[in-house]
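In what follows, a single structure is set out as structure tokens and then discussed.
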Amino acid sequence: QVQLVESGGGLVQAGGSLRLSCAASGRTFSSYAVGWFRQAPGKEREFVAAISQSGTRTVYTDFMKVRFTISRDNGENTVYLQINSLRPEDTAVYYCGATSSGSWSTWTLYDYWGQGTQVTVSS
């Protein structure tokens, strides 16, 4: 069993930065790849980035590679998402999930989810 708790969201002006955290409980956390997704009102959940169990491999949605950076610290049971140069269109609830599947961009294949953290970017 893995429990995930996101934090770090908030209201920020366009051009600013945020670092989101995904803190996990459970001794098996390092056995899962972890992904970040976001969901804006009225839109489907969108893949942002994912990181392998060891942290040595990362995957991003192409257009997010420049401004988003995912990392993990298994010693702290935490995965981070750094977002730079925030834009109003980044406004969404950001979720982290843990998956044992090899298909990291498919949210339906995730085993565990956090409750989400709201990111709001003002213009």
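Since every read-out is calculated from the coordinates, none of them should be taken as a lab result. Bear in mind that the values here come from a model prediction, so they are computed numbers and not experimental data. Because the Cβ atoms are built from the backbone with ideal geometry, glycine has one as well, and the counts that use them run over all protein chains shown.
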In whole Å, what is the distance between the alpha-carbon centres of region 41-75 and region 94-108?
10 Å
At most 12 other Cβ atoms within 10 Å and a DSSP loop assignment: could you name the GluC sites (Glu not before Pro) in region 30-109 that fit?
44, 76
